[in-house]
Every structure is written in structure tokens, then in C-alpha cells.
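Reviewing the structure listed below.
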Amino acid sequence: MDTDRLNGDGAGGSRAEESAAGVDRRPIVGVVGLGAMGRGIVQNLLQKGYSVVGHDINPQALAWLKDQGASVACDAEDLACRTRTVVSFVVDNRQTDKVLFGAFGLAQALRPGALLIACSTMSPRYLQGLEERLSWSGVELLDAPVTGGMVGARQGTLTVMVGGPATRLERARPVLSTFAGRIVHLGDLPGAGARMKVINQLLCGVHIVAAAEALALAQSQGLRLETTLDVLCSGAASSWMLGDRGPRMVQGAFSEVTSAVDIFVKDLALVVEAAQAVNAETPLAQAALHTFRLASAHGWGALDDSAVLRVLTSDR
């Protein structure tokens, strides 16, 4: 392991503290949010030499964490006393606020100088306000949303879009490098990463709905969906989302959730909000948001986002 990891810079306590423990000399990283993405991050951290202490409101997620050989934090104080670096993969602004300032109270428990790496997809405006709120307790924030999906999280190939001072990025880099194939620094202020993630989600959401629309039209014309998908993926019409979500749409494998319909209801709403703030036009994003909202209204919000196909077909 490199020097940064051994001396605890961005990865837990000091070498003296680790020696005093007498059991495990590896740096410790906290992970909050053990959904599809968070689990991939935990596995990469463990595989690459870190110890992990985690928290999630889902008891099944905590059981999974124990099975991986990681530790469960019984409360915020327990987590905060074991690490100075926490990676957050909760869903959104609301869950982030709940973890930090609600009953769990992580913001108050973290020691001055602790680093919070916020990887969730959130509003740029919220991130800017969060920086100020955390500064009162001396906690440093790194705005670090990711793209690459559950597969990227498992394989350690995510792209991380960073907003925050370069010094914080360098402190976090050893941890980020365990699950990132690429780290891009977009600016010195929190919110810069979130702005790029909003643009990313605009394209992702529109591409999913476009793929669903194309396959729905093919079905209505009597074309075999397997053949249609094969043809589309072989030429200029292909996209990453078509190649990834298309097979699920063809197979109707909507219960195998990598990202839920309701995630794109949330993310595309962030796109529209960001566009309205600068008087930008986003007609395709708004159309995609409408389609995802229809899918959610039909009761499919917890299904894989490829289930948006159902809105456009006759078998809904």
C-alpha cells in the first residue's frame, strides 16, 4: 500500500491508533448507504486493503456487510470514532440530510477534519449549502457523484466527477481510486460535480426512454425484439443504455433492479430544476421525465428503470 494510506491521510486514524488497536492495521473507511452502488464500493475497498465500517437502515444490508467481513456501526458516534473518512451512497438530498442532521446525526458525531465524500446524485444548490452547514462542525465535504452504474461499482471502473478543493481531492484520491477508473476534477467548489452529474443523467434518462420507444415501435410493427436489438446495437443507433437496458426490455427482466424507475423520476427532476435555474430549454429531458413519472404512477417505481418500456406498449 502507498504512504498516503498507511499514514491515515484520507483513510482513517493515525498509525499509532491502528497499532494501539493491536488487531487490524489497515486504514478504515466508513460507508453510509449499502444499496446496489454502495455494496460494490464496499467490496472494492475490502479487496484493495481497507477495512470498512458501514451503516444502512436496511437490516438485510447490514447482514450482507457482516458477511463481507466488514463492521457494522451501531450508531453515528461508533462510526465517527473509527474513521475520519466517510463515503456516502444514499439516494438523494433528503436521505443525506437525514443521515447527517436527522436522528442518526453523523454531522455532529464526526470529528473536526473528517472528510465526507458525497457520491449521491443531488442538487448542485443543495451541495453548495451543505458545504457551509458542515463547515460549522469542521467537517470537509467533497462533492463526488459517479457514473458507470452497478457494474462499474463492482468492477471498480466508475467515473467520479469531483467538486471541491484540490487538497481534499488528493486526500480522498486513494479511497476514490479503489472504485474509480477515472477521476475528473471539475472545480474547487462543491456543486461542480453535481452539475456534471445532472448533465450525465439527462442523457441517461433520455437514452433509456428512446430505447424503450424504439423497441415498443418495433413490437407494434411485428418485428422480433431480439433481432431488432441486435440490429440497433450493431450500428449507428447504438448507445450504452441501449446495449445495457435493451436486453432487459426484450426479456421483461424488470425485477432485476440495478437502478429503479423512481431514481430517474428524481434525477430527471434535478435536470429540469437545473435547467430552469439558468433558463435553459430541456424538452427531451422533460418528455423523458413525464414517461418515467407515468411508469411510477402505474406502480412500477421500484422496478428496474428499463420497465419504462411498459408505458409505451400495449401489455401494460
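In percent, what relative contact order does region 3-188 have, based on Cα pairs under 8 Å that are 6 or more apart in sequence?
Values: 374 pairs, mean separation 37.8, N = 186.
Relative contact order here is 20 percent.
Test of understanding: ordering CYS204, CYS81, CYS119 by Cβ neighbours within 10 Å, fewest first, what list do you get?
Values: CYS204 25, CYS81 14, CYS119 28.
In increasing order of surrounding Cβ atoms, one gets CYS81, CYS204, CYS119.
Would you please give the residues with an amide H less than 5 Å from that of VAL29, counting only those at least 5 places away or on a separate chain, with H modeled from the backbone geometry?
Correct list: SER51, VAL52, VAL53.
For the chain, set up a Gaussian network in which alpha carbons nearer than 10 Å are linked by springs, and say which option among LEU223, LEU270, LEU294 fluctuates the most.
Largest GNM mean-square fluctuation: LEU223.
With runs of 4+ DSSP H residues as the only contributors, calculate the mean residue ellipticity of the chain at 222 nm using -39,500 (n - 2.57) per run, divided by the residue total and rounded to the nearest 500.
On the way: 15 runs with 162 residues, N = 316.
That calculation yields -15500 deg cm²/dmol at 222 nm.
Cβ neighbours within 10 Å, averaged per peptide: list 33-46, 85-98, 123-136 in order, most packed at the top. Walk me through the numbers on the way to the answer.
On the way: 33-46: 22.7, 85-98: 21.1, 123-136: 17.4.
Result, highest mean Cβ count within 10 Å first: 33-46, 85-98, 123-136.
By its C-alpha gyration tensor, with a ≥ b ≥ c as the square roots of the eigenvalues, how is region 123-198 shaped: rounded for a/c under 1.5, else prolate for a/b larger than b/c, else oblate? Mind dumping the intermediate values first?
Numbers: a/c = 2.12, a/b = 1.58, b/c = 1.34.
Verdict is prolate for region 123-198.
Dipole size in debye (nearest 20) for the chain around its Cα centre, Lys and Arg Cβ +1, Asp and Glu Cβ -1? Write out the running numbers ahead of the final one.
Numbers: 28 positive and 31 negative charges, 45 e Å.
Dipole of the chain, to the nearest 20 debye: 220 debye.
Dipole of the chain (Lys/Arg Cβ +1, Asp/Glu Cβ -1, origin at the Cα centre): which of TYR50, ALA212, LEU309 lies farthest to the positive side?
After comparing all options, I get TYR50.
State, as an integer percentage, the relative contact order of region 196-312 based on alpha-carbon contacts under 8 Å between residues 6 or more apart. All intermediate terms of the calculation are to be shown ahead of the outcome.
Numbers: 142 pairs, mean separation 44.5, N = 117.
After rounding, I find 38 percent.
How high is the relative contact order of the chain, in percent, with contacts defined as C-alpha pairs under 8 Å that are six or more residues apart?
On the way: 587 pairs, mean separation 42.1, N = 316.
Relative contact order for the chain comes out at 13 percent.
How big is the chain by the Kirkwood estimate over distinct Cα pairs, in Å? Please list the in-between numbers first.
Working: mean 1/r = 0.0490 Å⁻¹.
After inverting the mean inverse Cα-Cα distance, the result is 20.4 Å.
Over the Cα atoms of region 196-312, compute the convex hull volume and normalise it per residue, giving Å³. Write out the running numbers ahead of the final one.
On the way: hull volume 11.5 nm³, N = 117.
Value for region 196-312: 99 Å³ per residue.
Since every read-out is calculated from the coordinates, none of them should be taken as a lab result. Note that the structure is predicted; figures quoted are calculated from it, not measured. All Cβ positions, glycine included, derive from the backbone under ideal geometry; neighbour counts span all protein chains shown.
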